[in-house]
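None of the figures in this text is laboratory data; all of them are computed from the coordinates on show. Everything quoted here is computed from the prediction, not taken from an experiment. All Cβ positions, glycine included, derive from the backbone under ideal geometry; neighbour counts span all protein chains shown.
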Amino acid sequence: MLTWNISFADTVVNQTEAVEQEKVTEHIIRTPQIDAEALEKFWQLTLENTKGEKGTMAPFKGKPVLVNFWATWCAPCVREMPLLDQVSKQYPNVPFVGIALDSIKNMQKFEEKVNVSYPLWRVELKQLKLIRQLGNSKGGLPFTALFNERGEIESVFLGELHEKTIKEMLQSLNLD
């Protein structure tokens, strides 16, 4: 009887893991239809880091880049940051960028607690409309967009990322 229970439990766990992975894969949207004007606005979007420096995404155009939209008050966003940092180090030819919809003060407190090696920028909440136009129709966080070397969105993912999902997204770039 005990053996049956263990086997049954293993089967349930394996089936649950398979279903969960299926759900994760379903959330990746490949080559979403994005308005060219929205893409151009994104590349020129004014960003600010915690040191008060201003910048845009323009220097990243022309190479693959993974952009993660997040906030300090978003628990799934915070949970995935160490993983994003770890995976970013495995793909040195693909810059990772975090763009927060948050205050500089909150971001500074976050950076004191969590060490992230990729750049973190912030945009104002009024840019949420543009983020929706980039494939995040629900306006939820975390939201991740993978851009190819042509500056187009290769894939997007709404929700907390897992290592397998990030790598699956990156594999679509054929980086070999």
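The stretch between H162 and A75, if pulled fully straight at 0.36 nm per residue, gains 29.9 nm over its current Cα-Cα span. Taken along its principal axes, the alpha carbon cloud of the range 79-127 reaches lengths of 32, 24, 15 Å, longest axis first. Expressed in Å, the radius of gyration and Dmax of the Cα atoms of the range 65-157 are 12.7, 35.
Centre-to-centre separation between the Cα atoms of the range 105-166 and those of the range 27-62: 10 Å. Among the chymotrypsin sites (Phe, Trp or Tyr not before Pro) within the range 31-73, those in coil by DSSP and having at most 15 neighbouring Cβ atoms inside 10 Å are W73. The Kirkwood hydrodynamic radius of the range 23-99, based on inverse pair distances between different Cα atoms, is 14.5 Å. If the chain linking T56 and D35 were pulled fully straight, counting 0.36 nm for each residue of separation and taking away their Cα-Cα distance, it would gain 5.7 nm. Mean separation of Cα pairs under 8 Å and 6 or more residues apart, divided by the residue count, gives the range 42-92 a relative contact order of 20 percent.
The trypsin sites (Lys or Arg not before Pro) of the range 74-155 that DSSP puts in a loop, and whose beta carbon has at most 15 other beta carbons within 10 Å, are K138, R150.
The GluC sites (Glu not before Pro) found in the range 61-137 that occupy coil by DSSP, while having at most 16 further C-beta atoms within 10 Å, are E124.
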